[in-house]
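The values are calculated or read from the model by the stated rules, or taken from the named source; none is laboratory data. It should be emphasised that the depicted structure is a prediction, and the values quoted were computed from it without experimental measurement. In this analysis, Cβ positions are derived from the backbone assuming ideal geometry, glycine residues included, and neighbour counts consider all displayed protein chains. Only protein heavy atoms, including side chains, enter the accessible area calculation; ligands, DNA and RNA are left aside. Shrake-Rupley method; radii C 1.70, N 1.55, O 1.52, S 1.80 Å.
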Amino acid sequence: MADAARLGAIDTVMHEDRLFPPSAEFSAKARIPSLADYEALWNEVAADPVAFWEKVGREELHWFEPFTETLRWDEPQSQPQVAEWFVGGKTNASYNCLDKHIAEGNGDRIALLWEGEPGDTRRISYVQLHKHVCKFANALKSLGIQKGDRVSIYMPMVPELVIAMLGCARIGAVHSVIFGGFSAEAIADRNNDAGAVAIITADAAWRRGKVLPLKQTVDEALKKSPTVKHCIVLDRVNEAVHWTPGRDYWWRELTRNASDDCPAEPMDSEAPLFILYTSGSTGKPKGILHTTAGYTLWSKKTFEWVFDHREGDVYWCTADCGWITGHSYVTYGPLAAGATCVLYEGAPDYPDKDRFWEIIDKYNVTLFYTAPTAIRAFIKWGDDYVDKHDLSSLRVLGSVGEGINPEAWMWYHRKIGGERCPIVDTWWQTETGGIMMSPLPGAIATKPGSCTKPLPGVIPKIIDEVGDECGPDQGGMLTIAHPWPGMLRGIWNDPERYQEVYWSKVPGKYLAGDNARCDKDGYYWIMGRIDDVLNVSGHRLSTIEIESALVSHPAVAEAAAVGRPHELKGEAVAVFVTLKNAPPSDELRDELKKHVRKEIGALAQPDDIRFTNTLPKTRSGKIMRRLLRDIAAGKEAVGDTSTLEDYSVLASLRQDEE
Ligand code: PRX
């Protein structure tokens, strides 16, 4: 165990010594082919970030007008602390994702390979996507929508969702994508906070063969959204819908006669590109603001670095555009890089549990990016679904959204990657705009459960409770020491909250809100959210380490660890466990306690183990430990539950109480 004596540091109980270097064959062709190359690049950027980004910014983005100042950053204490990148320049995100490739002679390349849930498909080249986007942008203009106006988007994963995002960006309207599973209430809150003038939706969406009535939900939301004047409706499912003349327009009618010529609006580098609402643990959702130039560059560059993208790759990110992953790694990053992207509309288990593997096989996907929650579900569903398909096209596998437990990592590596594909475990946040820490697949050997090293331009510092920097293997608060182009520029309408959440606790550094440790090899291990730390007999323990120990037991599918008040220890360790196939029993409960004790030590041994069929998750698949903490303490779950995916989970968890 690491030196735990340091005040305020978090104990490390996990031991993970497996190391997986990239194959010589992979490295030989990689953009960044060795550790030495990575280190040289990282050091170059750290030594002079402004010089590096000035060069890359000029070379890799298209500029209507060049920028005059690379970074404006009033260190240390402007209030609120907002970086400005590429000041004085004018560019356009949509231009960079479309026109630039056409100008460079790559217009016939396929941009989107779309697969609808019922099996319908579309192939859309960059030239065709450009036409669709221009028509839609002109349609927006015909409604009087202008630069700076906010537009909500509430759609299924169809090409028109990407077209709507790029159409807004083209004319300088600020999009706010709202995940298609949110309620009318959540939509209205977001419309009102953003002051949206329009909303783009579809009649309905397909989900596991059923029809989700999106327009009906929007109708409900618009009763409470006084700023929204226009509603554009795509006919995806042919559902009957209510119609409000003068407010509602069919997408196809509006675009039919619109011109396919719509020059991209030259936008200031720092002009808002989009707002994306993300839930805080308390209080209302935060509208995270990203701007034009820095975000576009960061999403493009990080995509190229992390996925080692090259011509001929077929890339598939399974995230919905309702989340930041869908913004940065479905839309802006890959399209700015000129990639060919698979877009899939539906659920991973429809019509059967092999749908993802079928898609990889069908399109010869080479780069695949998904979330640990999906990987754990695949493990639970069993290997037979995987074995039916040829996955030999795969080259790089990615993971995002939560820590990936080492045993889930090993399954992904063996079963999906055929022990041949590097796994890029990417740590980042809605706020960071793009990936911050990740293996570079040709350069950095991986360790299961570690996001390995910071990308060039990212300078992490781990800080303990008293404000000092932690040493090797000491867990503390993860902060970032220098601005990077993709960082958030604020919380919409709430500069005080922005300052307080991200900049007040550790002055001058961006506070990520996660705990982490850096091991003696310089590898980073995310230890969970700061608010989720357990304090057992004066030892501060991370959730993910206890959970990973549980998941390494063959009977366990998923686990969530939380603290509950305990008279003697301060907090006791309470865990909630879902099982693969084994029936719950007292014997298994004892066995799991012993297993954790053996794997990571007596300190972390769970006091309570509850078996459950499902864990409460956000709609983006993250375990909601906050609710479990209340349940473990025998309290009503309080606070914001609007992002909870399935409300019935709470009731059933309470019934399961011992
Ligand atoms: O706690 C970290 C976790 O997800 C948080 C960010 O969530 P969100 O803004 O929804 O963005 C998700 C997609 C980037 C982080 O603060 N997280 C994300 N990726 C990882 C992770 N935790 C551990 N390892 C990761 N790779």
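Among the residues of the stretch 13-35, those that are farther than 14 Å from Val396 by Cα and not hydrophobic (A, V, I, L, M, F, W, C) comprise His15, Glu16, Asp17, Arg18, Pro33, Ser34. Looking across the stretch 503-514 at every residue that is open to solvent by less than 50 Å² (accessible area, probe 1.4 Å) and over 24 Å from the mean Cα position of the chain (by Cα), the one that is nearest to the ligand (Cβ to nearest atom) is identified as Val506. Could you list, in sequence order, all residues of the stretch 317-329 that are away from the ligand (no atom under 12 Å from the Cβ) and among the β-branched types (Val, Ile, Thr)? Within the stretch 317-329, Thr318 is the sole residue that qualifies. A single entry from Gly312, Gly346 fulfils the requirement of being open to solvent by less than 20 Å² (accessible area, probe 1.4 Å) and in contact with a strand residue (DSSP E or B) (Cβ under 9 Å, 6 or more places away or on another chain): Gly346.
Okay, residues lined up against (1) assigned to a loop (DSSP other than H, G, I, E, B); (2) open to solvent by 10 Å² or more (accessible area, probe 1.4 Å):
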residue: Thr430; (1), (2): yes, yes
residue: Ile435; (1), (2): yes, no
residue: Gly442; (1), (2): yes, no
residue: Lys461; (1), (2): no, yes
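For the stretch 383-412, a tally of residues being open to solvent by 20 Å² or more (accessible area, probe 1.4 Å) and in contact (Cβ under 8 Å) with a residue 24 or more places away in the chain returns 13.
Filtered by the rule that a residue be within 16 Å of the ligand (Cβ to nearest atom), of a type in the set (Gly, Ala, Ser) and closer than 22 Å to Asp352 by Cα, the stretch 370-412 gives Ala371, Ala374, Ala408. Pairing residues of the stretch 44-57 that are in the same structural domain as Leu71 (by TED's automatic domain parsing) with residues that are of a type in the set (Ser, Thr, Tyr) and open to solvent by less than 50 Å² (accessible area, probe 1.4 Å), at Cβ distances under 7 Å and at least 6 apart in sequence or on separate chains, gives Val50/Thr70; Trp53/Thr70; Glu54/Thr70; Gly57/Thr70.
In the condition set (1) among the β-branched types (Val, Ile, Thr); (2) under 29 Å from the mean Cα position of the chain (by Cα); (3) at pLDDT below 90, Ile600 is compliant with all but (2).
On the stretch given as the stretch 615-632, residues that are farther than 8 Å from Leu644 by Cβ, away from the ligand (no atom under 12 Å from the Cβ) and within 21 Å of the chain's Cα centre (by Cα) total 2. Of the strands (runs of 3 or more DSSP E) lying entirely inside the stretch 227-289, not one contains at least 3 residues that are of a type in the set (Lys, Arg) and open to solvent by 30 Å² or more (accessible area, probe 1.4 Å). I'd like the full set of residues that are among the aliphatic types (A, V, I, L, M), outside any strand (DSSP E or B) and away from the ligand (no atom under 13 Å from the Cβ), limited to the stretch 293-316. Scanning the stretch 293-316 gives Ala293, Leu297.
Among the residues of the stretch 463-484 satisfying the criterion of being assigned to a strand (DSSP E or B) and not β-branched (Val, Ile, Thr), which is farthest from Trp428 (Cα to Cα)? Residue satisfying both the conditions and the ranking: Glu469.
Number of residues in the stretch 209-226 that are part of a loop (DSSP other than H, G, I, E, B), within 18 Å of Glu345 (Cβ to Cβ) and open to solvent by less than 40 Å² (accessible area, probe 1.4 Å): the value is 1. When the stretch 558-571 is examined, which residues are found to be open to solvent by 10 Å² or more (accessible area, probe 1.4 Å), touching a helix residue (DSSP H, G or I) at 6+ places or on another chain (Cβ under 8 Å) and more than 16 Å from the ligand (Cβ to nearest atom)? Selection gives Arg564 alone.
Tallying residues that are touching a strand residue (DSSP E or B) at 6+ places or on another chain (Cβ under 8 Å) and either open to solvent by 10 Å² or more (accessible area, probe 1.4 Å) or not in a helix (DSSP H, G or I) (or both) within the stretch 324-337 yields 2.
Condition check: modelled with pLDDT under 95, among the hydroxyl-bearing types (Ser, Thr, Tyr) and within 14 Å of Leu603 (Cβ to Cβ). Does Ser542 satisfy that? Taking the combined requirement at face value, the residue satisfies it. Among the residues of the stretch 595-614, none qualifies, meaning not one is touching a residue at least 12 places away in the same chain (Cβ under 8 Å) and within 16 Å of the ligand (Cβ to nearest atom). Taking the numbered list (1) within 29 Å of Lys90 (Cα to Cα); (2) surrounded by 21 or more Cβ atoms within 10 Å (Cβ to Cβ); (3) not aliphatic (A, V, I, L, M) in turn, Gly180 passes all entries but (1).
Within the set Ala93, Ala28, the sole residue that is in contact with a helix residue (DSSP H, G or I) (Cβ under 7 Å, 6 or more places away or on another chain) and either small (Gly, Ala, Ser) or surrounded by 15 or more Cβ atoms within 10 Å (Cβ to Cβ) (or both) turns out to be Ala93.
Take the residues in the stretch 515-557 that are polar (S, T, N, Q) and open to solvent by 30 Å² or more (accessible area, probe 1.4 Å), then tell me which one is nearest to the ligand (Cβ to nearest atom).
Initially, the stretch 515-557 is screened for residues polar (S, T, N, Q), giving 515, 535, 537, 542-543, 548, 552.
From what is left, the residues that are open to solvent by 30 Å² or more (accessible area, probe 1.4 Å) are 535, 537, 552.
Values: Asn535: 19, Ser537: 25, Ser552: 17 Å.
Of everything passing the filter in the stretch 515-557, Ser552 is nearest to the ligand (Cβ to nearest atom).
Among the conditions (1) at positive phi; (2) buried (at least 23 other Cβ atoms within 10 Å of the Cβ), Gly418 misses just one, which is (2).
May I ask you to list the residues in the stretch 413-430 that are among the acidic types (Asp, Glu) and either modelled with pLDDT under 95 or near the ligand (Cβ under 6 Å from one of its atoms) (or both)?
Scanning the stretch 413-430 gives a single hit, Asp425.
Looking at Met165, is it under 25 Å from Ile102 (Cβ atoms) and part of a loop (DSSP other than H, G, I, E, B)? Considered against the rule, which asks whether it is under 25 Å from Ile102 (Cβ atoms) and part of a loop (DSSP other than H, G, I, E, B), Met165 comes out as no. When the strands (runs of 3 or more DSSP E) confined to the stretch 72-150 are screened for residues that are free of Cβ contacts under 8 Å to residues at least 60 places away in the same chain, those reaching at least 2 such residues are found at 121-125.
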